[in-house]
């Protein structure tokens, strides 16, 4: 089969008769500036994944942006709002890359369709009081609403000048997208929200079609409408860090965990998955009976060294460290890539301690980076480095596939501290 072309991609994504258009990102930026005028003067416009624009503003902006396209589009019966999607920055090469790109644009198109449907419903029903920002704020609380605005702004999903109602529309569209493309993940996007069943009921009452997600469930009408030919939702739910307390109230999380267990039955266990019939203190699951006795001591020594409080190094010292140890850390990352043992290239515990020495150095580096991020108040990055250290410890602990008990509990304790800092208002 020939490599799919840019023309094939546009044919599947571009739907002019339905008001869905592909434009260069800079062209979308100019159309937004034309629509909003003085409001965005001097305001940076991020690379939005989609933009919902009133039909009249779109046609007016095309007069100066692309008069030739306007002559064609004017003959269409466009809906009240059109969807503008940025064209891909590079052409997908090969079937796999084409499928991933098409899947990404399906998710974008679906999210944009939800936002457009939300906007139309609010205007048609004149029910902003029930489904506007004030209603969402009353449902989730002021702290969670502030988190929503911060997350959407950080992820370049909103314009800095947008009011709370447009932020609410963007939140609704993203939550619905996550529900079907990454079920169970929304609680990790917005950890301050603890009322997901109430949010689902609120979204359904707004008029959105929200069947329960699942491998055999019915798809929402807008999801079917926006689907490019040949695209399918992922067979398995995403693997989530379920040991973290976020999203505990999300009913989709249990479905996602059950689906993931069916699709990934041999996946290396996470910190929330039992590795044995027993369970250690603090809910940390461990299995270290198959590990070499000396390996646990090496882990603990590396954990201790990485956790030490160090003076901040000067730039010359950091440069020497990067030159001296950077190559070793890169080699360790390659040696302990996930899945490498499945094709017979990973070292066996106790038989290649030189390789494990590289892994332990990388483990120590990850713990040290987590310590530094914690001191600087970047607790999300702290948790990210700790998660990387745990995964590395699990991959080095073959055949058990679980970190030694003392190491797992040490990492879990530091994660709880980071979670506590993140939860503080």
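Exposure proxy for 194, 63, 415: other Cβ atoms within 10 Å of each Cβ, ordered fewest to most, give 63, 194, 415.
For the pair residue 43 and residue 60 in one chain, pulling the backbone fully straight at 0.36 nm per residue adds 4.0 nm over the alpha carbon distance.
Each label was represented as a point 7 Å from its Cα along the Cα-to-Cβ direction; for residue 198 and residue 77 these points are 4.3 nm apart. Once both labels are positioned 7 Å from their Cα atoms along Cα-to-Cβ, the gap between residue 95 and residue 120 label points is 3.6 nm.
Legend: calculated FRET efficiency, residue 305 to residue 210, from the Cβ-Cβ distance at R0 = 41 Å, rounded to 0.05, equals 0.25. Distance between the modelled labels on residue 15 and residue 156, one decimal in nanometres: 2.5 nm (7 Å Cα→Cβ projection). Estimated at 0.36 nm per residue, the fully extended path between residue 7 and residue 142 surpasses their Cα-Cα distance by 44.0 nm. With neighbour counts taken as other beta-carbon atoms within 10 Å, the residues 90, 231 rank, fewest first, as 90, 231.
For an R0 of 45 angstrom, estimate the FRET efficiency from the Cβ-Cβ distance between residue 128 and residue 375 and round to the nearest 0.05. Efficiency at R0 = 45 Å is approximately 0.50. In the range 37-185, the inverse of the mean reciprocal separation of distinct Cα atoms equals 17.2 Å; this is its Kirkwood hydrodynamic radius. Were the residues from residue 249 through residue 24 laid out at 0.36 nm apart, the gain over their Cα-Cα distance would be 77.0 nm. Our summary gives the range 54-197 a relative contact order of 22 percent, counting only alpha carbon pairs under 8 angstrom and 6 or more residues apart. Ordering 374, 250, 164 from the fewest to the most neighbouring beta carbons within 10 Å gives 164, 374, 250.
Read the figures in this text as sums done on the coordinates, not as results from a lab. Note that the structure is a prediction, hence the values are computed from the model and not measured. Note: ideal-geometry Cβ built from the backbone for every residue, glycine included; neighbour counts use all protein chains shown.
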